[in-house]
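The values are calculated or read from the model by the stated rules, or taken from the named source; none is laboratory data. These numbers come from a predicted model, not from an experiment. All Cβ positions, glycine included, derive from the backbone under ideal geometry; neighbour counts span all protein chains shown.
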Amino acid sequence: MGAAFLTHLAGDRVEVRSAGSAPADSVNPAVVEAMKEVGIDISAEAPKVLTTQAVQSSDVVITMGCGDACPVFPGKRYLDWQLDDPAGQGVEAVRPIRDAVEQRVRGLLAELGAPASA
């Protein structure tokens, strides 16, 4: 959701990578539905494994509780967003998570001097 919002709100002003330390086999259907409700289609997306190279290539790394599974490098900005996990949740439970992610993404863009364009 974070990558989708970032891509949607920042366009080509920000390069986005999305990965997880233990990704599922597919995107949660409730997440796909919740994102579609706000006009973002992620139905063609597939979870990816977090790589050391992806972290090294990033300026800002946003984690959601991956702890020691996430590589850490000096000079990178790390943010750990404590959010409920949408895994196994229905769309009703995913909506507030989606909305919290959107607010955090908008805040991050403002901090980076690239306010949301949508």
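Residue-wise test of (1) at pLDDT 90 or above; (2) over 18 Å from H8 (Cα atoms).
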{"position": "S57", "(1), (2)": "no, yes"}
{"position": "P71", "(1), (2)": "no, yes"}
{"position": "K76", "(1), (2)": "no, yes"}
{"position": "V101", "(1), (2)": "yes, no"}
{"position": "L108", "(1), (2)": "yes, no"}
{"position": "E111", "(1), (2)": "yes, no"}
{"position": "S117", "(1), (2)": "no, no"}
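Looking at the range 19-76, which of its residues are on the phi > 0 side of the Ramachandran plot and under 14 Å from the mean Cα position of the chain (by Cα)? Once the filter is applied, which keeps residues that are on the phi > 0 side of the Ramachandran plot and under 14 Å from the mean Cα position of the chain (by Cα), the range 19-76 yields only G65. Restricted to helices (runs of 4 or more DSSP H) entirely inside the range 1-74, those with at least 2 residues that are among the acidic types (D, E) are 29-37.
Per this entry, R104 is counted among residues that are touching a residue at least 12 places away in the same chain (Cβ under 8 Å), touching a Phe, Trp or Tyr at 6+ places or on another chain (Cβ under 7 Å), in a helix (DSSP H, G or I) and surrounded by 11 or more Cβ atoms within 10 Å (Cβ to Cβ). Is it the case that the range 57-72 has a residue that's under 21 Å from A110 (Cα atoms), touching a Leu at 6+ places or on another chain (Cβ under 8 Å), touching a residue at least 40 places away in the same chain (Cβ under 8 Å) and of a type in the set (V, I, T)? The answer is yes; a qualifying residue exists.
So is Q82 surrounded by 11 or more Cβ atoms within 10 Å (Cβ to Cβ), assigned to a loop (DSSP other than H, G, I, E, B) and at pLDDT 90 or above or not? When the stated conditions are applied, Q82 does not pass them.
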